[in-house]
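Read the structure below first, then the notes.
Just so you know, all these numbers are worked out from the coordinates, no wet-lab data involved. As the structure is a computational prediction, the values presented were derived from the model and not from experiment. Note: ideal-geometry Cβ built from the backbone for every residue, glycine included; neighbour counts use all protein chains shown.
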Amino acid sequence: MSDGAAQRRRATPGGCLSSQAVTPTDFAEQLSATHASCTVHRTSLRDETFRSAITRVEFDDLAFVDVAATRCSVHRGGRQLARDDSDVFGIQLLISGQEMVGHGRSSAHVRAGNVIVWDSTRPFTAEALSPLVKRTVIIPRERALASCPRLAGVAGSPLRGRASLVRLFTAFTDQLIHELPNLDAIGRRSAAAATFEFLRGLVGSSAYTAAVASRTALREAVELYIDEHLTYAGLSPESIAAAHGISLRTLYNLFEGESESIAARVRRRRLEGARAQLATTNPPSVTDVTFSWGFSDVAHFSRVFRRHFGEPPSAVRRSALSH
């Protein structure tokens, strides 16, 4: 990594990060080391110097990352997703500037004061429309969903309607970063708990509630969530309902009258994905496919696979290997 790599010093939001001239490649390396693997393309004018700065502060299993950059486009796609095993959520506060963010199938114009959630397991792009400064709280997926299950359902949508809480959160994280060196283990755990309380408040934004207020929109959100989390072993009606902030009864009512239940839909989609993977030119083992599609037991997987397709997974794999 270049000398412009992430620095572990305090940075005050609002433009006081000490940026320096770097190449887009250098900046991509910095972002890959502090966030997740990505590429960067310059979008500024040719006669403008590309500048950036990054600081990262870690505590407990959280990380606060501040970024300042001139205009550019950041992309995380299939190559980057395959290159690393990053499995985190980022809760990003745009302190100054504006950017266009594309995440999965959604896109949004993010302005100063907006908070947006991104998921490292999904493709995303972010194009800075002006020089910007932003702070991101990076949290491992398991910890994030255990403390704030709605995160998975709001990725890609700005969490508006919480301006006062955003200002308070900014001030809180400023002070927290400053005081971290003075905190003992108990103090750090308390600070982490307080951080999650703020995040729960931000994610509980009325904007999300309004975005999925209609039955049709909510059902589409649930179907998309299921399709994007089929490989997550913890996917269940309970986790789906929690991710969308609804009760199990509401979830079941969304699919009332359908030929299959929520659990049956998840199982069918997983089996279809597993069969497609076993039928590839160089298929992985049945055991690997079992666990990669969210099943926890090979024998159980083989039974439900045979029941659904009329043949065992091993037969599909042998057929693929023989061609």
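Things to note:
- Computed label-point distance, nm, for sites Ala21 and Leu180 using a 7 Å Cα→Cβ extension: 3.1
- Folded to 0 to 90 degrees: helix 313-322 orientation relative to the chain principal axis, Cα: 80
- Since only Ser157, Ala144, Ala185 are under comparison, the one whose Cα sits farthest along the positive direction of the charge dipole of the range 20-207, derived from C-beta charges on Lys, Arg, Asp and Glu, is Ser157.
- Two-site label geometry, Ala193 and Glu58: point separation in nm, points 7 Å out along Cα→Cβ: 2.4
- Charge dipole of the range 20-207 (Cα centre as origin; +1 on each Lys and Arg Cβ, -1 on each Asp and Glu Cβ, all else neutral): 620 debye, rounded to the nearest 20.
- Kirkwood-based shape ratio for the range 65-148, expressed as Rg/Rh from alpha carbons: 0.96
- Translational D in µm²/s for the range 212-322 (Stokes-Einstein at 25 °C, 0.890 mPa s, Kirkwood Rh from C-alpha pairs): 164
- When you count the other C-beta atoms within 10 angstrom of each residue and take the mean per peptide, 34-40, 301-307 line up highest first as 34-40, 301-307.
- Rg and Dmax of the chain, based on Cα coordinates, read 21.8, 65 Å.
- Cα-based convex hull, the range 20-207, per residue volume (Å³, whole number): 110
- For the chain, leaving out every one of the GluC sites (Glu not before Pro) that falls in a DSSP loop and has at most 14 other Cβ atoms within 10 Å, the longest unbroken run is 49-255.
- Mean silhouette area of the range 257-323, derived from the convex hull of its C-alpha atoms and averaged over all directions, reads 4.4 nm².
- FRET efficiency estimate (nearest 0.05) - Cβ-Cβ, Leu224 to Ala146, R0 25 angstrom: 0.65
- Separation of the Asp85 and His323 label points, Cα + 7 Å toward Cβ, nm: 3.1
- The range 84-123: translational diffusion in µm²/s, Stokes-Einstein, Kirkwood Rh over Cα pairs, 10 °C, 1.306 mPa s: 146
- If R0 is taken as 51 Å, the Cβ-Cβ distance between Val304 and Leu168 corresponds to a FRET efficiency of 0.55.
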